1. Working carefully through the options B:K175, B:K234, B:K248, find the one that is in contact with a Phe, Trp or Tyr (Cβ under 7 Å, 6 or more places away or on another chain) and either free of Cβ contacts under 8 Å to residues at least 40 places away in the same chain or more than 25 Å from B:T75 (Cα to Cα) (or both).
2. Tally the residues that are within 19 Å of the chain's Cα centre (by Cα), more than 9 Å from chain A (Cβ to nearest Cβ) and over 16 Å from B:I113 (Cα atoms), restricting the search to segment B:162-180.
3. For a quick check of your reading: which strands (runs of 3 or more DSSP E) sit entirely within segment B:1-96 and have at least 1 residues that are farther than 30 Å from A:N110 by Cα, at pLDDT below 85 and more than 14 Å from every other protein chain (Cβ to nearest Cβ)?
4. Hey, could you check segment B:213-237 for residues that are under 22 Å from the mean Cα position of the chain (by Cα) and under 21 Å from B:I95 (Cα atoms) and say which is surrounded by the fewest Cβ atoms within 10 Å (Cβ to Cβ)?
5. For segment A:171-230, how many residues meet the condition of being more than 28 Å from A:W132 (Cα to Cα), in a helix (DSSP H, G or I) and under 16 Å from the mean Cα position of the chain (by Cα)?
6. Contact list please: Cβ distance under 8 Å, first residue in segment B:206-221 and closer than 14 Å to B:T72 by Cα, second residue of a type in the set (D, E), pairs at least six apart or on different chains.
7. Can you name the residue in segment B:83-105 that is out of contact with any Phe, Trp or Tyr (no Cβ under 8 Å at 6 or more places or on another chain) and more than 19 Å from B:N226 (Cα to Cα) and is also surrounded by the fewest Cβ atoms within 10 Å (Cβ to Cβ) among such residues?
8. With among the charged types (D, E, K, R) and within 12 Å of another protein chain (Cβ to nearest Cβ) as the only criterion, which of A:E68, A:E98, A:E102 stands out?
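The values are calculated or read from the model by the stated rules, or taken from the named source; none is laboratory data. Since the model is a prediction, treat every value here as computed from it, not as a measurement. In this analysis, Cβ positions are derived from the backbone assuming ideal geometry, glycine residues included, and neighbour counts consider all displayed protein chains.
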Amino acid sequence: MATMAMTNMFASDQLAAVGGLRPGEVTTGTTIMAVEFDGGVIIGADSRTTTGAYIANRVTDKLTKVTEHIYCCRSGSAADTQAIADIVKYHLDFNRMEMGEEPRVHTAANVFKEMCYDHRDSLSAGIIVAGWDKRGGGQVFSVPIGGMLQRGPFAIGGSGSTYLYGYVDAMFKPDMKQEDCLKFVSNAVALAISRDGSSGGIIRMAAITKNGVERFTLTGDQLPKFYEDN
Amino acid sequence: MKTIVRIPCVTTTSISNMAACAELPAGGFVFENCQRNKFLESQGYKVPKAYKTGTTICGLVYKDGIVLGADTRATEDTIVADKNCAKIHYISSNIYCCGAGTAADTEMTTQLISSELELHRLNTGRQPRVCTANRLLKQMLFRYHGYIGAALVLGGVDSTGPHLYSIWPHGSTDKLPFVTMGSGSLAAMATFEDRYKADLSRDEAMKLVRDAICAGIFNDLGSGSNVDLCVITKDKVDYIRPYEEANKKGVRQGKYRYDRGTTVVISSEVKKVELEVIDTEVRAVPMET
């Protein structure tokens, strides 16, 4: 039954769907980010989901596990990204059983890309796939709306990311250590939160290395502070 | 009865083939009529109106389990269609679901998933889990792209503990310690945000849910009438309907009928009115045996 539900998931592509969010839909307004470092990746996100001007969930977890060492950061439509992540998790589970080893980050990113590209007319999902595998170490892949796949040393996404392009271009340094990456991500997300109305709440981060996943949460006073006129 | 819905699928990706399954039976909801309906609408035919539950529904996790609450007003635009409708639906013996949005959609969706879950329970031999009900609901709602207007608060206690989910019509879900949905959700959420704490006692939890629903009833036009409550714990379920009759019908203060004899008859006259036969018609009516 679960399989049938999933293969029918996107069947209404033929529906005249506007490539964008439908009225009344819940969106992860969002700021998401991922950075590669030697030994793994750091991922981070805010925690706000909105329906129009109402915050449906102020403590959302946008960092979703797809395998033990691979996570995805979700932005865009909450329903679309949750459904996609569930399907990808299912496929990667199969992949793990077939291969006899943990799936590679590149594989996970490609599964996301297949889904997002093939159904690009009816989906509104901007995803960052990041994780660690033993062949390539830490890797970050960006799958924005439309279904392109791009690997990079870091990636930003979501409505709040528009305010970060300058900051990340200026502040990113290759070969950072885990602690520096954490600072980099938390500062960036905090800046986006302060400027983007659709981002807010707490900052959730995770460090994915060969040892597994370590999660961090920054709430209230722990959020990095910048210039405030008071 | 398990109803499997088939939607004509134009694209078949490699992934769909990988997860290929048995032939799906025909019938069920199709989108083929959408164009025709749009055309009819443009020709002036009115779309049949859906009967909405204006609604305030909410739920919270307390020390021993879940408390779900709902108002009891169902509206058709500005008219109250039902003053005492039941918005807390049975999913399984340990899982209940409050529904806001289109009344028919919430009713049918919860019944469908309740049926699927019962079959699943017989198949697995285990008490169903709340996360299973959540998956079934979200996957169905996602498939219909928000056209099934069901906004749900799903709560229950299973072998892994108490769980509470809010499910939106497009198929996104949030797992939280307290949730509200419906037109009165903002008023109810304000109450929850002010007074919710982890590990409330049963009475505190029931009072808080009742207050949240009342906030919706008295401040939202789409919600009203009574408060229904459902308390779910590991061992039992208390379906309290009504928990409180917040809006009792008033007693009429006086009579508005005039007694016979109030107007005095002074005189009476009988007149014959001549009626002309204009048309005669003879029709054969088949006899029904």
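1. Unique residue meeting the criteria: B:K175.
2. Residues meeting the conditions: 2.
3. Details: elements: B:57-61, B:65-70, B:74-76, B:79-82, B:88-92.
Those strands (runs of 3 or more DSSP E) span B:74-76, B:79-82.
4. Residues of segment B:213-237 that are under 22 Å from the mean Cα position of the chain (by Cα), as a first pass: B:213-232, B:237.
Next, only the ones that are under 21 Å from B:I95 (Cα atoms) stay: B:213, B:227-232, B:237.
Values: B:I213: 32, B:V227: 26, B:D228: 24, B:L229: 21, B:C230: 25, B:V231: 22, B:I232: 25, B:V237: 18.
Per the criteria, the residue is B:V237.
5. 0
6. From residues that are closer than 14 Å to B:T72 by Cα, the pairs are B:R210/B:E244; B:I213/B:D71; B:C214/B:E244; B:G216/B:D71; B:I217/B:D71.
7. B:S93
8. Working: A:E68 fails: within 12 Å of another protein chain (Cβ to nearest Cβ); A:E102 fails: within 12 Å of another protein chain (Cβ to nearest Cβ).
Unique residue meeting the criteria: A:E98.
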